[in-house]
Amino acid sequence: ILSLEITGYVAVDHKGSFTAEPGANILVSQFSNWKNAESFALPLNTHYVTIEVERKNNFKGGILAEFSNGYVTDSSWQCSDINSTAKSSWPVAQEVATNDGQDSRWSKVVSNIANHAKWIWTANTQDNKIWCQKEFGG
């Protein structure tokens, strides 16, 4: 059976929103538990995925995701602070940790997301509100 959609699993620390182009703007609930990924069904013609995240107080922020088309969060994504709108010039994402439970901040493997997926953020770990984008092509 041919799937007509892309399934995505996304976890953010601390809270954020998720946008697929073309597609719906999906609000990721106010995350108080980054340990559980939210799942989403995206149209097969999705070209871009953008995830906006705000970190909490002085804690590390992060985005972790996997999609059924094979993409995971890693340094192939682009991330910038929320004030930058020129997405074409965003720098590459910084890999903060791996979804293997070995990092002191994210000491648990997030289910439904591959162990080789990376928690990502901007190069400036002090950025409070960021967005990261991945082009799926198409």
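The values are calculated or read from the model by the stated rules, or taken from the named source; none is laboratory data. Treat the numbers as computed from the prediction; the structure is a model and nothing was measured. Don't worry about glycine lacking a Cβ; one is built from the backbone with ideal geometry, like all the others, and counts go over all protein chains shown.
Structural remarks
- Top-ranked residue of region 104-120 - restricted to ones that are under 13 Å from GLY61 (Cα atoms) and among the charged types (D, E, K, R), ranked as surrounded by the fewest Cβ atoms within 10 Å (Cβ to Cβ): ARG105
- When region 1-21 is filtered for residues that are surrounded by fewer than 21 Cβ atoms within 10 Å (Cβ to Cβ), modelled with pLDDT under 85 and either not small (Gly, Ala, Ser) or not in a strand (DSSP E or B) (or both), the ones remaining, listed by number, are ILE1, LEU2, SER3, LEU4, HIS14, LYS15, THR19, GLU21.
- Options ALA93, ALA86, ALA123: the member that is closer than 20 Å to GLU54 by Cα and surrounded by 18 or more Cβ atoms within 10 Å (Cβ to Cβ): ALA93
- If you check LYS134, LYS129, LYS108, LYS118 for being in contact (Cβ under 8 Å) with a residue 24 or more places away in the chain and either of a type in the set (S, T, N, Q) or farther than 16 Å from VAL10 by Cα (or both), only one passes: LYS129.
- Check on GLN78, in contact with a Pro (Cβ under 8 Å, 6 or more places away or on another chain) and surrounded by 15 or more Cβ atoms within 10 Å (Cβ to Cβ): yes
- The residue pairs whose first member lies in region 56-80 and is in contact (Cβ under 8 Å) with a residue 24 or more places away in the chain, whose second member is of a type in the set (Asp, Glu) and in a loop (DSSP other than H, G, I, E, B), and whose beta carbons are closer than 9 Å, counting only pairs six or more residues apart or on different chains, are LYS60/ASP103; GLY61/ASP127; CYS79/ASP127; SER80/ASP127.
- Region 22-43: number of residues that are surrounded by fewer than 19 Cβ atoms within 10 Å (Cβ to Cβ), modelled with pLDDT of 75 or more and part of a strand (DSSP E or B): 4
- Any hit, region 47-63, residues being in contact with a Cys (Cβ under 6 Å, 6 or more places away or on another chain) and at pLDDT below 90: yes
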